[in-house]
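Let me begin by presenting the structure, written as structure tokens, before commenting on it.
The values are calculated or read from the model by the stated rules, or taken from the named source; none is laboratory data. Note that this is a predicted model, so its numbers are computed, not measured. Here the Cβ positions follow ideal geometry from the backbone for every residue, glycine too, while neighbour counts run over all protein chains shown. To get the accessible areas, we keep the full protein, side chains included, count just its heavy atoms, and leave off ligands, DNA and RNA. Shrake-Rupley method; radii C 1.70, N 1.55, O 1.52, S 1.80 Å.
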Amino acid sequence: MSTRGPESGAGWSDTGPEPDRGAHEQAFATPAATRYELHDLVGSGGTAEVHLAFDRRLGREVALKRLAGNDADGSAARLEREAWMTARLEHPGIVPVYDAGCGPDGRRFYAMRLVRGQSFGDVLAAATTFQQRLALLRRFLAVCHAIAFAHDRRIVHRDLKPANLMLGEFGDTVVVDWGLAVDLTHDAPTASAVGTPGYMAPEQARGEPVSERSDVWALGAILCELLTGAPLISARSAAESEARARTLASPFGDDFPAELRAVAAKAIAFDPAGRYPSAGALAADLEAFLDGRRVGAHEYSSLELLRRVTWAWRWPLAALAVGLIITAIAVGLTWRRVLDERQRAVTAEARARSALEVERASAARALVSRAVLAHELGSPAVAETLAATALVNDEAPDARGVLAGAHAGPRPASGVRDFFAPCQRWWDATADARLCLDTAGGNSVFRLDGGVAWRNEEPWADAVFV
């Protein structure tokens, strides 16, 4: 890249004697006529050529575009206009202009950033699979944003094609060659078919005035090439390009995403009114597709809408699903603990009941023993009270025997009619009577018909109920 071109010594790099100053001061004072040192020729067209050049004043490599020959056909004015038009579009996706002027040979030139990388066309040609080409969609979106910036200023490129899109080494995407660009605000409409066949909008190929929608058609053609791997239209002339665009059928199969098919189809609509109004609208639909949002150009079925909504809300829905799973696990564990606690409570209650039954049976046996002793000692009232209490605690045949034997002996005081109101505590003594500890401390056996079978006034009897 350091080999000088055939004209590198013809005034472009001849500096003459250097003043005795520091290297930076010396370089900065380089005269305009000798500022650029031309190196390799990197591109050429009908009226201009692009060289790799070295800016001796600022010490950097640039791309320098200059007239290829004389100005017999007004090429100088077009180059000046191109430099002026490009310099107005200060955008990261549009090549910046550094300088412009006349070289030592009188030829017009302008210097611009040297974009190191490959053209979009070269990268597309090297992509052999759909997935490899689809990976370039973000870079194509960057092109749409750059053109949208120009469209916002009513500037139409008119020569968009893969060769004029540069993919830099650092992920940058730059639109170059604005030589055919027109300013719709200031330029008078022209009736000429200028551009590249195959990427010219039908109205542009017919020589009609262009609009932002003409650039949209070219972007749509590039998008179709990205999807299919082949040019949308292979044409050698504007007329052939227009004719093929008129009869263009859908270049897609069902293997391509439906949303992208709809976006490309809208971009290359034959009637300009059916296209996106500008590159910004096209970029908005492409962004929606890449972000998983709804694409305006596509008519969705109910199933597709559900799928899109699910995809767009995939992270909140995933978080909700995880939350529901965690909640279900927590509820399950809590419910399991509740069931375990309940089972432990039931078991404890059963054990308590069992212990109580054992205790009551033990108490009943003790009471029966005391009742038998009281009966033998001639205390029928005490024996009957103890036997009745024993029957309250547990079924005891001996207690019933004591009650039966006690009836043969002296009875407690009777004839007193009383009801349950005075009772502090009472127990079922027999099938038709209840044993009552009354407020005075005595004991009564009430019949269920309300009468008192007998009454014992001895306060010590309370001990049998403890």
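Note that the stretch 46-164 shows a convex hull volume over its alpha carbon atoms of 126 Å³ per residue. Summary of the geometry: the stretch 88-151 and the stretch 349-384, compared by the centres of their Cα atoms, lie 109 Å apart. Placing pseudo-labels 7 Å out from each Cα toward the beta carbon at Arg344 and Phe28 gives an inter-label distance of 8.6 nm.
Sites listed here are trypsin sites (Lys or Arg not before Pro) in the stretch 193-288 whose DSSP assignment is loop and whose Cβ has at most 13 other Cβ atoms within 10 Å: Arg236. Average accessible surface for the stretch 350-399: 54 Å² per residue, computed with a 1.4 Å probe over protein heavy atoms with every protein chain in place.
For the stretch 152-251, state which GluC sites (Glu not before Pro) are in a DSSP loop and have at most 15 other beta carbons lying within 10 Å of their beta carbon. Intermediate values should be presented prior to the final figure.
Working: sites: Glu169, Glu203, Glu212, Glu225, Glu240, Glu242; in loops: Glu169.
Here the GluC sites (Glu not before Pro) that fit, given the DSSP loop and packing criteria, are Glu169.
Hey, what did the stretch 230-329 get for relative contact order, percent, Cα under 8 Å, at least 6 apart?
Numbers: 51 pairs, mean separation 17.8, N = 100.
Normalised by residue count, the contact order of the stretch 230-329 is 18 percent.
In this entry, the stretch 176-295 is assigned a mean projected area of 7.9 nm², taken as a quarter of its C-alpha convex hull surface. Overall size of the stretch 238-390 from C-alpha positions, given as principal axis extents largest first: 141, 23, 22 Å.
A straight line joining the Cα centroids of the stretch 162-232 and the stretch 252-302 runs 18 Å. Note on Ser192 and Phe130: the model spin-label points, each 7 Å out from Cα along the C-beta direction, lie 4.2 nm apart. For Asp215, the shell of other residues with beta-carbons less than 13 Å away shows a net charge of +2, using +1 for Lys and Arg and -1 for Asp and Glu.
Shown is the FRET efficiency for Ala258 and Leu41, computed with R0 = 45 Å from the Cβ-Cβ distance and rounded to the nearest 0.05: 0.45. 5 Å is the cut-off here: which amide hydrogens, built 1.01 Å from N in the peptide plane, fall below it relative to Thr173, excluding neighbours closer than 5 in sequence? When sequence neighbours closer than 5 places are left aside, the close amide H contacts are Gly168.
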